[in-house]
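Enquirer: So that we are looking at the same thing, I have put the structure below in structure tokens.
The values are calculated or read from the model by the stated rules, or taken from the named source; none is laboratory data. Model, not experiment: these values are computed from the prediction. Here Cβ is always computed from backbone atoms with ideal geometry, including for glycine, and neighbour counts include all displayed protein chains.
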């Protein structure tokens, strides 16, 4: 948030410096007053160099676009509004990226606070931890601020397009543009005291001198166009006066009100944007994070004060056409911000719900594991663990399988097994014994002749 404020402050300094230079400039065309118009035009063309700058790479396309919109609508104010809308549409992808980054950063503010409390005075570790968290969440730390800065950057080349319509909208060289300004001034037209806007004032009088300008040798090849800067009865080429008490008629009153309306809409746009962003300043329990909300409110107060003040300065220092663009930007920006915030709030709420569900499941799994560990500790109070290797487990499984196979075979052939195991005598060491008189060599000896007969006779 500090970076965002810094960027806006730098932008304000840049715009205010530009406005201050424009407001303090003295007309350089006074020397042509009283001269013959043709001679004044030739002198101005001779003194002006046809130079280009790098900024013309942006100004020239902007000039063609604004000219096409003006030709299409035949209304200068409406052309500026459509120009602002096109800018918003072109920058929509970047605006989406900016909005997503801002919302995610807002959602992560409680975690950022937790990291700050965790690391305390160790700012380096804190910064690294925050950067890592943002990287994992896909958040660009400066993305939300930088993309918000782009409309203000666009305002700068648009300022030159509005200030110099003969050069950029009518597509003439600088020498021809200055010749036209000198001719009109020498013809008695009041182009104002500020030389910065002499070309803008001259563009509104070209229609009255169309034939004379075409007859001049120096402007014979010029692209001439009659322009009307009236919008809702207000001359958008005029610079509003802060002295509202001196305003006469709707034209001057409306001119004064344009910067006021611009400032009010800027404040409203900032309020809507900050309101939508701060809806997500919640902690892990879904409750509003007090510290995050306090920080956001302080930032919001600064921005809501600075932006309207800058709009007022722009409005009362530059032609009203600038404020019309600024008003359109505020309106389109507020509408865009509202719908983008609504959409991504819903998207991120769904993502948070999924994350919470996963976290709850993970906590339940951890609780179940802890319960199992506690149960094992109760069953094994001595702390003996069954930490066996995979190889030993496979060996045990193999032995168990072999034992089961043997048991199956034993059940399948019970008689055979009993015969194999049953000893032939009472003495396992002497399976063929028949008592104490058993003689191992008995069956291998020859009996004496007649012994059986003798026994029979007896």
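Enquirer: Within the stretch 128-152, can you find the residues that are at pLDDT below 75, in a helix (DSSP H, G or I) and surrounded by 14 or more Cβ atoms within 10 Å (Cβ to Cβ)?
Expert: Within the stretch 128-152, 143, 144, 145, 146, 147, 148, 149, 150, 151, 152 meet the criteria.
Enquirer: Also, I was wondering about something else. Please find, among 113, 88, 125, the residue that is in contact with a helix residue (DSSP H, G or I) (Cβ under 6 Å, 6 or more places away or on another chain) and either assigned to a loop (DSSP other than H, G, I, E, B) or closer than 15 Å to residue 333 by Cα (or both). Walk me through it before giving the result.
Expert: Details: 113 fails: either assigned to a loop (DSSP other than H, G, I, E, B) or closer than 15 Å to residue 333 by Cα (or both); 125 fails: either assigned to a loop (DSSP other than H, G, I, E, B) or closer than 15 Å to residue 333 by Cα (or both).
On inspection, the qualifying residue turns out to be 88.
Enquirer: Counting only residues that are free of Cβ contacts under 8 Å to residues at least 12 places away in the same chain and touching a helix residue (DSSP H, G or I) at 6+ places or on another chain (Cβ under 8 Å), which one in the stretch 58-73 is surrounded by the most Cβ atoms within 10 Å (Cβ to Cβ)?
Expert: Here is the first cut: in the stretch 58-73, the residues free of Cβ contacts under 8 Å to residues at least 12 places away in the same chain are 61, 68, 71-73.
Next, from what is left, pick out any that are touching a helix residue (DSSP H, G or I) at 6+ places or on another chain (Cβ under 8 Å): 72-73.
Values: 72: 11, 73: 14.
Taking the candidates together, the pick is 73.
Enquirer: While we're here: Residue under question is residue 155, and the condition is that it be surrounded by fewer than 16 Cβ atoms within 10 Å (Cβ to Cβ) and in contact (Cβ under 8 Å) with a residue 60 or more places away in the chain; does it hold? I'd like the intermediate steps shown before the answer.
Expert: Working: surrounded by fewer than 16 Cβ atoms within 10 Å (Cβ to Cβ): no; in contact (Cβ under 8 Å) with a residue 60 or more places away in the chain: yes.
When the stated conditions are applied, residue 155 does not pass them.
Enquirer: Are any of the residues in the stretch 190-202 over 45 Å from the mean Cα position of the chain (by Cα), surrounded by 14 or more Cβ atoms within 10 Å (Cβ to Cβ) and at pLDDT 90 or above?
Expert: Scanning the stretch 190-202 turns up no residue that is over 45 Å from the mean Cα position of the chain (by Cα), surrounded by 14 or more Cβ atoms within 10 Å (Cβ to Cβ) and at pLDDT 90 or above.
Enquirer: Check residue 55 against each of (1) touching a residue at least 40 places away in the same chain (Cβ under 8 Å); (2) surrounded by 13 or more Cβ atoms within 10 Å (Cβ to Cβ); (3) within 32 Å of the chain's Cα centre (by Cα) and name the one condition it does not meet.
Expert: Tallying (1) touching a residue at least 40 places away in the same chain (Cβ under 8 Å); (2) surrounded by 13 or more Cβ atoms within 10 Å (Cβ to Cβ); (3) within 32 Å of the chain's Cα centre (by Cα), residue 55 fails exactly one: (2).
Enquirer: Would you mind finding the one in 88, 99, 113 that is surrounded by fewer than 20 Cβ atoms within 10 Å (Cβ to Cβ), touching a residue at least 40 places away in the same chain (Cβ under 8 Å) and over 24 Å from residue 237 (Cα atoms)?
Expert: 113
Enquirer: Here are some conditions: (1) crowded, with 19+ Cβ neighbours inside 10 Å; (2) within 31 Å of the chain's Cα centre (by Cα); (3) at pLDDT 90 or above. Residue 76 meets all but one. Which one does it not meet?
Expert: Result: residue 76 fails condition (2) only.
Enquirer: Residue 310 fails exactly one of the following numbered conditions: (1) out of contact with any strand residue (DSSP E or B) (no Cβ under 7 Å at 6 or more places or on another chain); (2) at pLDDT 85 or above; (3) crowded, with 18+ Cβ neighbours inside 10 Å. What is the number of that condition?
Expert: Against the list (1) out of contact with any strand residue (DSSP E or B) (no Cβ under 7 Å at 6 or more places or on another chain); (2) at pLDDT 85 or above; (3) crowded, with 18+ Cβ neighbours inside 10 Å, residue 310 comes up short only on (2).
Enquirer: Inspect the stretch 254-268 for any residue being surrounded by 15 or more Cβ atoms within 10 Å (Cβ to Cβ), outside any helix (DSSP H, G or I) and in contact (Cβ under 8 Å) with a residue 24 or more places away in the chain and give the result as yes or no. Reasoning before the result, please.
Expert: Just the residues of the stretch 254-268 that are surrounded by 15 or more Cβ atoms within 10 Å (Cβ to Cβ), to begin with: 254-268.
Subsequent filtering for residues that are outside any helix (DSSP H, G or I) retains none.
Checked against the condition, which is being surrounded by 15 or more Cβ atoms within 10 Å (Cβ to Cβ), outside any helix (DSSP H, G or I) and in contact (Cβ under 8 Å) with a residue 24 or more places away in the chain, the stretch 254-268 yields no hits at all.
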